[in-house]
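Have a look at the structure below before the remarks.
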Amino acid sequence: MSSREFIEILDSDSETEAQHIKRQKTHHHPKGTSVNMPPTSTLAAKNMNLKGRKRFVADLEDLNVACVRAGDDEGTFEAVITTSSGEHVLNVNIMLSDTADYPKTHNCFSYSPDSHVAANIQSVIEGIVSLPSCLLVETMDKVLANLTKAMSTGSLESESDDDEDEEGEDYAVSSDDDIYMNSTSQNLMKMARLQHDFLEIVARGYRPGLIRFSGDDFCISVSLSVIKLAESVPPRALNAWDRRLLSKTQHLVLLISGFRGVYPPSDSDATKLKFHVGLSGIHKPSKEHAKDACRNFVLITNDAEDELRLAREKAAAEAAVMNDFEMDEEDSDADPNPATKPEIEEEEEDVPDRFDKFSLSGSLDSLMNHQFAKLVNMRRKYGLGWAGAERLLSEAEKSQKPEQEVLENKLQEIQVEDQAERAMIRKNTTILPDDPLSGTGKDEELDWPLTAFCYLIRRLTLCTLYCIVCHNKLDTDYVALKPYVCNSKLCSYRYYSLNHGPSVEYDIIHNPETVDLLVSITYAAAIESALDEPLPIGMGLRVPLPDVTKVLPPQTSYSALQTRVMIAGGHLQNSIATPPPTPIESPRPPVVGSDCLCDFDDLDLQQMRASVVQLTRCLRKHLERKVKPGKSKPRLVTMPEAADVLPAAWKLLRWCVGSCTAYLEEISSQEESIKNVGSCWRQYRFSVGAPDAEAKFNAAVEESKTRNQNAKMYPSLYAFHGSPVRNWHSIIRNGLWFKSIANGRAFGNGVYLAKDGLLSMGHYAGGNRAAGWRNSKICPSSCVAIVELVNLPSEFVSSAPHFVVDKTHWLFVRYLLVKSRATQGSTDEPETIPIPPRQPQQLTPFVKLDPAHPVTLGQQRIQIPEPTHQLETILRIRQAEAVEDNPDSEDQAVFDFVESADEFIGKGKGKANDPMEIDDDDEMGFDDYSPSKGAPYQLSSSLAPTLARQQQLLPKSRPVDDWVHDSEYVQSAVSKLMPPPELSSPGATMAVQKELKALLKEQKSCSSLKELGWFMSEEFMGDNLFQWIVELHSFDEKLPIAKDMKAKNLNSVIFEIRFPPDYPISPPFFRIITPRFLPFIHGGGGHVTGGGSICMDLLTSSGWLPSYNIASVLLQIKLAISNLDPRPARLAPNWNTPYGILEALQGYKRAASTHNWTVPAGLDKLVC
């Protein structure tokens, strides 16, 4: 790239009117001087009255208008740099040594998260540390100037010290509007192709969206409501990953930018697309929020005019903060639980069309931007699946070898990855989205938005199997509930130090009790020398040299402790019965630097424990006040109270929260709490294990019902599992598991569970050897889990006097009880709660416990609320709130687009009269249709052999008593059918043909037509795609309508479906041909009108959505006919008189008018 090439800001947040490209010259002066450019001097004068951290924050806010993103840690920021053509150059993270010294005596350190960095670019990154102390804007100017030199000459060293040759160099600041201004006359967006891809997205159940910016610039959104996402991703996992996902009705949105006015993108241009993952209250964010999300920072900042304008728009005052964590190591006599005045939190304004990030957005953005296009190319080139391509990419990047060579050497391992994923899908515990690349040829055009979104959903579903930073598959036998990092120290450093980790502030605000508990447990594990893996290594912690005498020595008498484990069964094998590993001395003693600190990773195990204790003692927790909407949230490390706190203490706090891969939430509702437990026990919802662990447990429960009569009535048991506080650091992160030990166990090898809570809550959950974290408000002294297990005690290793279970998938942890020393006036005795005779019924149901194995606390039986009730209630609320918004004018224009006949015919693969064939292996595209005088696209007679071949492919293993199609019965009903619809459109044709293929495929692959409940015979399809004949059959034999049909020897209810020309925007028209039902006014029911149409809002414009598919609608109609409320459906006395289409239309309109539903436009033309 020439050093004089214009370098532009790709910023969609630009003026709406036509703009001229603003240019400015940058004069590079000899080494040691700052770059002289107007924005620099303007910004320097703007904040010159500030110093230190405040100056840094203010300068960063100003620089942020040029799309430099503030990091999560003190003194860090990130810049994404691209060329004017959109090619990615560098993603660089820059950290300041100390913001208190800014801008005079600080140093800058840098790192790039990019997987591959060229040598010349790496030299620029390494040179940042040697830059002189200066303002942020000046630092960025120098970095960008050095990048320009390195990219034009190959290295920094090859440049002459005299930069006068650069004086004529032009830099440009513009927006996407400027870039595409001259291309408005060119039709670079193929609307027909965009419409095709949008309909493909709709057919998969997702929502596409087009967001136009100024000029020809645009971005595309693809979304899925979170409540629908919960159908494939376990809701407990969604709730654990980020509680905001289910906190309100919203959509998971993928924004795709970088098309540069062209659609569809070529394969080379697709590598330059930019992806942004977030949440929105509707199916796509507004134009303004989309612009904000899609901004990019490139090699030169805005000019002074733009800087000042955007700075005024985005200026945010520093937020006020009350109390937080502070260094108070010497104030040991202070009250650890001071009374604080509760703050009234200000609710943030709910903006439905906003685009919000969530906890996994950063990781998913990185994955999509850095790996997605590479994976697609590998899949198409080598015929791999997603898993195989991911393994190939990982191995190629690790070895730095060509992918072809890696594929030849590791072909078998790569193929195993694809086979393992297919096996996982067959087990039916993990639901993955369809694969748009399956069966796609190398040279076929791709639906890039659909492919990207399907891959996003796949990786989100499987996110706990991959490192959240490097995106490589985790090499571990244990799958956690939350995504985490691999064993690489580099990934740990990025996760906790470079903005990839959890938001400690969010947890402190919304889940403070859990943060307190996690820190307390970590402290107990460290001070009692029980802290092992995981350890906070690889995080770059700089700590004071610890005093190992501050922690207790490891226990050495394991035989007595092991005996207690065997008798009481209250402890985990891995966390207490197994002797801790012998501490491995560091190969070199820790080196204490001039700052009196040493590297944490250089300490031995016991020193690490002592250091954790020392840092934890420094933390004192209070709540943070919410800031007003629109103002930036404060960070712990930027607060005045945190000025003297070691950075290592904040990172340790982040590690305590981030390394917890379980879900913990304190139960605050009395109704949802466990009854008859002492008031000194705090109760938490507790979930640990893989996202699909509950599905596997439920499958085991269902399987037990088929083997044991008692399990049918009482599917599961409940029992207690206790352990000292020090062991829960490991339990929370590893779950209930065990290892074999040399001396065995008294009642066998497995996880031990007590039937009576007092046994676990007593000595075996106690045994603490040291006082707890003094700054804790909870002050935990004992922890006991309540575990649900499969009710097959005869198959346990032992069932008396304790349960011993060696099948860990038969166990599922539901609750955690924490005994709190801080509770005043509490009692350790079971708390009996009398139930008055007329007390209102509790909304939360209790678990139905097996009387043969009661769950007791002493002599008192406890009552356990149904553990899934709370989450199921949330899901029901979200489902009730789910009302999909209608397409806006931009989306509607895509769906309504009609291509001219000449253009359309020109796209055909053959002559105008070439027939369309439905092939099971090929996608049906409208290229295979040809128009005929404005009539619907015809199905030629050559379709019959294709459909006959499909009929031959029907499974041969269907039941002998399966439902059988009666061709003569249907033929007699359709002999006097009205002519098919005359109007159509290319968009509707594509949508209908895709529905046809999906319907036939589902019918062909089903194991039983009787279970399917509907049937579409190919012989009655005729020559028009827009008129279908479908049968509903096999109604429940107990229903009155089924008995009537059996008495009249009727095989099915025959329907006609007519599709409008604007399908799928408008609903199809369903009507019964025969038999005739008893009208509602005569005592009939089943949601059938007097004319044979269906009385359902989803078949009107008021309730119809483009994402609905015909198979699902047929099932909904069958359920409506089967509904006994308010009256059951019955056959009319004149049941053998077919319905007429006009009376069906009249009945439909009457029902719509009665319920105030909207009748689709053009319905009269459709049916008459």
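How much length is gained on full extension from residue 212 to residue 473, taking 0.36 nm per residue of separation minus their Cα-Cα distance?
Working: separation 261, 0.36 × 261 = 93.96 nm, distance 3.73 nm.
Stretched fully, the residue 212-residue 473 segment lengthens by 90.2 nm.
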Sum of side-chain charges, residue 443 neighbourhood, beta-carbon under 12 Å (Lys, Arg +1; Asp, Glu -1): 0
Viscosity 1.306 mPa s, temperature 10 °C: what is the translational diffusion coefficient of the stretch 967-1166 from Stokes-Einstein with a Kirkwood Rh over Cα pairs, rounded to a whole number of µm²/s? 93
Please work out how many pairs of lysine residues in the stretch 967-1166 are eight or more positions apart (or on different chains) and have Cα atoms closer than 18 angstrom. 12
Counting all Cα-Cα pairs in the stretch 1026-1102, those more than 20 Å apart amount in percent to 37
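Find how much the distance from residue 510 to residue 872 grows on full extension, using 0.36 nm per residue of separation minus their present alpha carbon separation; answer in nm with one decimal. Display every interim value, and only then the final one.
Details: separation 362, 0.36 × 362 = 130.32 nm, distance 2.10 nm.
Answer, rounded to one decimal: 128.2 nm.
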Rh (Kirkwood; distinct C-alpha pairs) - the stretch 43-149, Å: 14.1
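May I have the count of lysine pairs in the stretch 43-149 with C-alpha atoms under 18 Å apart, counting pairs 8 or more residues apart or located on different chains?
Working: 46/54; 46/104; 51/104; 54/104; 104/142.
Lysine pairs satisfying the spacing and distance rule in the stretch 43-149 number 5.
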Ordering 1095, 656 by the accessible surface of their heavy atoms, 1.4 Å probe, largest first, yields 1095, 656
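Rg/Rh for the stretch 1060-1166: what does it come to with C-alpha atoms and Rh from Kirkwood?
Working: Rg = 13.3 Å, Rh = 14.0 Å.
Expressed as Rg/Rh, it is 0.95.
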Computed ³J(HN,Hα) along the stretch 692-701: with the Karplus parameters 6.51/-1.76/1.60, θ = phi - 60°, integer Hz and x for glycine or proline, the list is 8, 4, 5, 5, 5, 5, 4, 5, 5, 5
In whole Hz and in residue order, list the ³J(HN,Hα) couplings for the stretch 195-201 that follow from phi through the Karplus curve 6.51 cos²θ - 1.76 cosθ + 1.60, θ = phi - 60°; x for Gly and Pro. 4, 4, 5, 4, 5, 4, 5
Please list, in order along the stretch 1013-1030, the HN-Hα scalar couplings obtained from phi with the Karplus expression 6.51 cos²θ - 1.76 cosθ + 1.60 (θ = phi - 60°), rounded to whole Hz, x for Gly and Pro. x, 9, 8, 10, 8, 5, 5, 9, 6, x, 10, 10, 6, 9, 9, 10, 10, 10
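Can you tally the net charge around residue 1131? Count Lys and Arg as +1, Asp and Glu as -1, for every other residue whose Cβ sits under 10 Å from the Cβ of residue 1131.
Numbers: positive: 1043, 1048, 1076, 1130; negative: 1044.
Summing Lys/Arg as +1 and Asp/Glu as -1 gives +3.
Multiply the residue gap between residue 769 and residue 888 by 0.36 nm, knock off their C-alpha separation, and tell me the result in nm, one decimal place.
On the way: separation 119, 0.36 × 119 = 42.84 nm, distance 6.49 nm.
Additional length available on full extension: 36.3 nm.
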Per DSSP, the loop-located trypsin sites (Lys or Arg not before Pro) within the stretch 428-471 having at most 14 other beta carbons within 10 Å are 442
Relative contact order computed over the stretch 43-149 (Cα-Cα under 8 Å; 6+ residues apart), in percent: 22
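The values are calculated or read from the model by the stated rules, or taken from the named source; none is laboratory data. Computed from a predicted model, the values in this text were never measured in an experiment. Note that we place each Cβ from the backbone using ideal geometry, even for glycine, and neighbour counts take in every protein chain shown. Protein only, heavy atoms only, side chains kept; ligands, DNA and RNA dropped before computing areas. Shrake-Rupley method; radii C 1.70, N 1.55, O 1.52, S 1.80 Å.
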